[in-house]
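Q: Below is one structure. I have some questions about it.
Since every read-out is calculated from the coordinates, none of them should be taken as a lab result. Everything quoted here is computed from the prediction, not taken from an experiment. No Cβ is skipped: glycine too gets one built from the backbone with ideal geometry, and neighbour counts run over all protein chains shown.
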Amino acid sequence: MGVRKKTFIDVELAFADKQLAEWKAYIEANPFHKIKDYTVGKTVIKKSEQMKSIRETLKDYLSLLVEVERMREVESKKDIEVRGNAEVSSLAEEFLKGRER
């Protein structure tokens, strides 16, 4: 049975999934209706600044989500179809990819 090698895209997808989870947690932990102006020492952080930060994070989250889905789609097209639930060994996979050209 062949074991699928970890590719560059697999590593990038894992990193992107982790980043998406972090951004989602940040957005969920800071709902707009609970945001208030507050002061930390001499620094004043206004409600509008916090809301802008969350909006920007949400935009980044959605952009990355679209890119991750595109990368997954590209990876899924690379998989070679075989009969049944059989797996293709790495040698056979290399042979078939070379043959498709």
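Q: Could you work out how much longer the chain between Thr57 and Val40 gets when fully extended? Use 0.36 nm per residue separation minus the Cα distance between them, nm to one decimal.
A: Length difference between fully extended and current span is 3.9 nm.
Q: Run the paramagnetic zone check for Glu49: 7 angstrom along Cα to Cβ, then residues of segment 22-37 with backbone nitrogen under 15 Å.
A: 36-37
Q: Using the Cα gyration tensor of segment 27-75, with a ≥ b ≥ c the square roots of its eigenvalues, what is the shape: rounded (a/c below 1.5), prolate (a/b larger than b/c) or oblate (neither)?
A: Taking the square roots of the gyration eigenvalues as a ≥ b ≥ c, segment 27-75 is prolate.
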